[in-house]
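Here is the structure we will look at, set down as structure tokens.
The values are calculated or read from the model by the stated rules, or taken from the named source; none is laboratory data. The shown structure was predicted, so the numbers you read here are calculated from the model rather than taken from an experiment. Methodologically, a virtual Cβ is constructed for each residue, glycine included, from the backbone with ideal geometry; neighbour enumeration extends over all protein chains shown.
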Amino acid sequence: MNTMVMSKKNSDFSLYIGIFFFSTSVLLFELSLMRVFSILQWNYLAFMIISIAFLGYGASGTFLSVFSSILKKAEGKNLYKYLLFFSLLFSLGSLLSIFVISKVPFDLYRVITDRYQLLYLVIYYLAIAIPSFPLSERCCQKSINASTV
């Protein structure tokens, strides 16, 4: 019985370490985007990062509430596979986000004179929301809940 409790604690510890590193990478990505926007587009768009990140987390929570069968599948041994998949999805989304932001010719000063700049601003918003939508944050929350029960 004692070894079973110890093995559960070890598996929980590795799970918590993975969640810690994933959450740290999400925060560092958002801080990096804030720095990039404060340099490229002045500081007006830098504060947009946090609000869009919260919007992405809220959208992923809503998605998982509506499609709760995804979380039911992510129990037991499959939990680590889901966490790995969603972490990879976050990293690919981050790369895609940086790529889109670097290729879109958005100029904050031309918003008044050029209608396409509003379209580019929407593309910026969507590009920022891409990495924060993957369901990994909610799966991390589910894994914490599953390991404490």
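Taking region 11-26 as the range and being more than 15 Å from I98 (Cα to Cα) and of a type in the set (A, V, I, L, M, F, W, C) as the test, the residues that pass are F13, L15, I17, I19, F20, F21, F22. Checking each residue in region 90-125 for being surrounded by 14 or more Cβ atoms within 10 Å (Cβ to Cβ), out of contact with any helix residue (DSSP H, G or I) (no Cβ under 7 Å at 6 or more places or on another chain) and under 17 Å from G56 (Cα atoms) picks out S91, I98, L121. Evaluate region 56-78: report whether one residue or more is under 25 Å from P105 (Cα atoms) and either at pLDDT 80 or above or of a type outside the set (S, T, N, Q) (or both). Within region 56-78, one or more residues are under 25 Å from P105 (Cα atoms) and either at pLDDT 80 or above or of a type outside the set (S, T, N, Q) (or both).
For F67, are the conditions met, namely being in contact (Cβ under 8 Å) with a residue 12 or more places away in the chain and under 21 Å from the mean Cα position of the chain (by Cα)?
On the way: in contact (Cβ under 8 Å) with a residue 12 or more places away in the chain: no; under 21 Å from the mean Cα position of the chain (by Cα): yes.
Judged against the criteria, F67 is not a match.
When residues in region 29-47 are screened for being on the phi < 0 side of the Ramachandran plot and not in a helix (DSSP H, G or I), 6 of them pass. Restricting region 91-112 to residues that are free of Cβ contacts under 8 Å to residues at least 60 places away in the same chain and aromatic (F, W, Y) leaves a set whose member that is nearest to S38 (Cα to Cα) is Y109.
Filtering region 17-53 to residues that are loosely packed, with under 14 Cβ neighbours inside 10 Å and touching a residue at least 24 places away in the same chain (Cβ under 8 Å) leaves S23, W42, Y44.
So that you can scan it fast, the table gives a plain yes or no per residue for (1) modelled with pLDDT of 80 or more; (2) assigned to a loop (DSSP other than H, G, I, E, B); (3) of a type in the set (D, E):
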position	(1), (2), (3)
D12	no, no, yes
I17	yes, no, no
L27	yes, no, no
F54	no, no, no
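For region 127-137, state whether one or more residues are more than 22 Å from S38 (Cβ to Cβ) and either modelled with pLDDT of 85 or more or assigned to a helix (DSSP H, G or I) (or both). Scanning region 127-137 turns up at least one residue that is more than 22 Å from S38 (Cβ to Cβ) and either modelled with pLDDT of 85 or more or assigned to a helix (DSSP H, G or I) (or both).
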